[in-house]
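The values are calculated or read from the model by the stated rules, or taken from the named source; none is laboratory data. Quantities reported herein were computed from a predicted structural model and do not represent experimental measurements. Heads up, the Cβs are rebuilt from the backbone with ideal geometry, glycines too, and the neighbour counts pull from every protein chain shown.
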Amino acid sequence: MLLFLGGSKESQQDFEQSNLNDAVFENLENNNQAARFVNDQAITFLNEYYTEGYAYGALVEIDSNEGVYTIVEILVESNSSINGYITIDQESGDLNYFADVDRENETIYTHNFLTDEYFTFSDLETNENGESILDIDIIDFVSNYDPSSAEGKFWGTSCGDAWSFPNGQTYKTCCYSIFWINVKCKIVPA
């Protein structure tokens, strides 16, 4: 709730209208930017997945080990929250990946359009700072990533080759990635 000290009711309404206009302008700007990348395949998929309506949010580019992608936030109109992300391959223009964030059930659903695989992640990892993946501003996170860390998979855990100590104990390094960025790595027994 906004608290106004002094001023008239009209100035409060002007302030609220100004904030609303800023939000509408930002949404229009995001929609215009995203429209350059979103093709018919993506629109058809999103129309079927988000039947209650959606809008595009912020977008960011990532140079991953698989290619250069534009990641676009998807906002569901019924609750105005970020619910999903699509990735568009900048070279081909194809929709390659989708992630839907279900904060209420603490679950993330992904679709790999290249292999037509669907995955559900309910054992969500935290990042190195202990923040839940659900609480991270993913666009901000991707915007500030270390390019050398974009070597993971689109989403989920992947492990390297096993290695051994002289005493025979065998381990491997496993990393949890979102949008190809390793957010947390740990050494586990192989």
Cβ pairs under 8 Å, 6+ apart, first in the range 152-170 and surrounded by 10 or more Cβ atoms within 10 Å (Cβ to Cβ) and modelled with pLDDT of 90 or more, second among the small types (Gly, Ala, Ser) and in a strand (DSSP E or B):
Thr170/Ser164
From the set of residues in the range 44-63 that are in contact (Cβ under 8 Å) with a residue 40 or more places away in the chain and in a helix (DSSP H, G or I), which is surrounded by the most Cβ atoms within 10 Å (Cβ to Cβ)?
Leu46
